[in-house]
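Remarks on the structure that follows.
The values are calculated or read from the model by the stated rules, or taken from the named source; none is laboratory data. Small disclaimer: the values here were computed from a predicted structure and weren't measured. Using ideal geometry, Cβ is built from the backbone for each residue, glycine included, and neighbour counts are taken over all protein chains shown.
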Amino acid sequence: MFSMGKSQSNDIVSGFDIRVNSPYKDLILVQGNNVLEFHDGVIPLSGTVDFELAKDLIVKKVDLSLIGVYKLEFIQKSSSNVAVVKERRVIFQCNWSNLLLSQNGEIEVHESSRTNPHGSGGGSGTTSTGSSGSSGSNGSSFGVGVNGSSTPSMISLGNRFKLKRTLSSSKIIPIAPTCNETPLPEYIKPGSSSHHYFNLQAGKYSLPFSAMLPNDIPETVEGLQSGSVLYTLQARLDAHNNGNSTTIDTNDPRFRKYKYLRILRTLSSNDMSIDEEVKVGKTLPGKLQYEICVPSKAIPIGSQIPLSIKIFPFSKHFKIVKISIVLFQYYLIRDANEQVYDNESVVFKKKMVQFGDLVSSPENRLLTEFILDSRVALPDHLRKVTQDCDIQHIQVRHKLQVHLQLQRQDGTEWRNLEIKATIPIIMYISPLVPMRGRLVLYDQLNGNIHFRSGELVDLFGPPVPQDSSNTTAAGMLHQYYDDGIPPPTYEEHNRDVPIVAVPAGTMSPPPTAGEPNPVTTGLDTLQHHASSVPSYEQATTDAQAE
């Protein structure tokens, strides 16, 4: 599917690539994940289009586009019918009409990521604002080419003869190989180059490009099954052999290059949610008191959730049976007609049934206070969990549900006592935590995106080494805030017990004195139904007893 096949340009062009200036591979990381943080600032984007020519080549232009596509594709079921919801539209486009003349890009389409305060996802429409010095707004003429929407430009037979006459009568400007500079920045005024061609001499070329992207550009969303926002960089050599021969097919894949670009957001270092503790608790008169706490509302994907559970029984007639933890992901998506679709999914479900020396006797009796300081491991890739986002088209939220199952002795009988607490958390992306994204491949024949099933790629490289002598919350805040990036983890506990998934039915032996408390967990299936995206206003708790 991805074979380019033999082409007339095989021995002309090689090493065709688009390189983005970023500390991360093909990724732009933007600080600020809150609508209130958006302002009139801009996001600088720059890089080079590189290629090598084995022999001279006449071109009309070397153009480039950055195209963001919003895609919906899922089956909507109701009591009466089943409908297929399918939509694809361009929500952002920045064009560089000819990198031989100007490196400045011009924004042609921009649907802001700001959500309507009244709840409507109505777009801000199309804008046409660009950097000064752009060499025109014609943009790329070879189609969007994303997820099957490619519409490559074709040249009719009649146009070929017209083009041959144009080449013979137009001025052909020679250009020598260049490295990281625009060959003719002042040679031709913008919009006046329609009758000029360029003879690129054999050698290596590196043509710079730059643009100022709006700060509220929608971020990449690649992990949801129902909707996505994906960005593609597309470069093309609008090439011709010479004035006395037929035109080279501009659909030849050797003259085009597609590059997947992620635009992701991280929290600002002063985001209040980083220091916001979320705590729920309640006193059940005559029974017990409990408290469940997460020290930070904002948790990086790929890290661990510090979780504290405290139970203070008022008598010695209680025992703990199981602790279950479920991370829910809620999402809402909108189509072009403002129809809203929402759903929920389970990111993971884990349970703990062995409590070691936290309880007394094999029956898990609570003869004194029960204090568990634990860490819940999170998935480290965007295929499993999507970052919290709040853009026009997609909203994603997360909540952590903690379910405590206890029993209370009533005479000779044991009665069930269940406590459920729901804690809102913000899942965000941090470059300081190793994480992965989906492997993306392009069909260079038509620009279609293909996600390679089951294969992932590192987004930020190896983990950043940490000084073990400075692991307090304050120390980590100072360490990471110096770089203007929020910390990946927030607190260390000397009694922490990691809760991780192991095969169901696996049991750990009771601990001996001085050993860490064991944890036995398993993944359970959970039936779920559609639910609207929840708010972050408050954590909730519920207790049920027989």
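Observations
- Every residue from the range 263-274 that is of a type outside the set (S, T, N, Q) and in contact (Cβ under 8 Å) with a residue 60 or more places away in the chain: Ile263, Leu264, Arg265, Leu267, Asp271, Ile274
- Test: residue in the range 444-465 that is small (Gly, Ala, Ser) and assigned by TED's automatic domain parsing to the domain that holds Ser345: no
- Restricting attention to the range 260-275, the residues that are within 16 Å of Ile43 (Cβ to Cβ) and small (Gly, Ala, Ser) total 1.
- Among residues of the range 301-353, those that are of a type outside the set (A, V, I, L, M) and either over 30 Å from Arg415 (Cα atoms) or part of a loop (DSSP other than H, G, I, E, B) (or both), counted: 21
- Within the range 261-292, the set of residues being in a strand (DSSP E or B) and closer than 20 Å to Val359 by Cα comprises Leu288, Gln289, Tyr290, Glu291, Ile292.
- Number of the exception - Arg452 against (1) among the basic types (Lys, Arg); (2) part of a loop (DSSP other than H, G, I, E, B); (3) at pLDDT below 90: (2)
- The set of residues from the range 408-446 being in a loop (DSSP other than H, G, I, E, B), of a type in the set (Val, Ile, Thr) and surrounded by fewer than 20 Cβ atoms within 10 Å (Cβ to Cβ) comprises just one member, Thr412.
- When the range 324-348 is limited to residues that are more than 21 Å from the chain's Cα centre (by Cα) and either at pLDDT 95 or above or aromatic (Phe, Trp, Tyr) (or both), the one that is surrounded by the fewest Cβ atoms within 10 Å (Cβ to Cβ) turns out to be Ser324.
- If you go through the range 354-378 and keep only what is closer than 13 Å to Ile309 by Cα and assigned to a loop (DSSP other than H, G, I, E, B), you end up with Phe355, Glu369.
- None of Ser315, Ser360, Ser308 is modelled with pLDDT of 95 or more, polar (S, T, N, Q) and over 30 Å from Val229 (Cβ atoms) except Ser308.
- The test for being farther than 30 Å from Leu441 by Cβ and assigned by TED's automatic domain parsing to the domain that holds Leu358 does not hold for Asp335.
- Options Ile299, Ile292, Ile263: the member that is closer than 30 Å to Arg365 by Cβ, surrounded by 21 or more Cβ atoms within 10 Å (Cβ to Cβ), of a type in the set (A, V, I, L, M, F, W, C) and modelled with pLDDT of 95 or more: Ile292
- Matching residues, the range 232-246, being among the small types (Gly, Ala, Ser) and modelled with pLDDT of 90 or more: Ala235
- In a residue-by-residue description of the range 378-385, the property of being in contact (Cβ under 8 Å) with a residue 24 or more places away in the chain, in the same structural domain as Gly286 (by TED's automatic domain parsing), buried (at least 19 other Cβ atoms within 10 Å of the Cβ) and over 18 Å from the mean Cα position of the chain (by Cα) applies to no position.
- Residue match in the range 388-407 (condition: in a loop (DSSP other than H, G, I, E, B) and under 14 Å from the mean Cα position of the chain (by Cα)): yes
- Qualifying residue in the range 75-86 (condition: assigned by TED's automatic domain parsing to the domain that holds Val20, hydrophobic (A, V, I, L, M, F, W, C), at pLDDT 75 or above and under 20 Å from Thr220 (Cα atoms)): no
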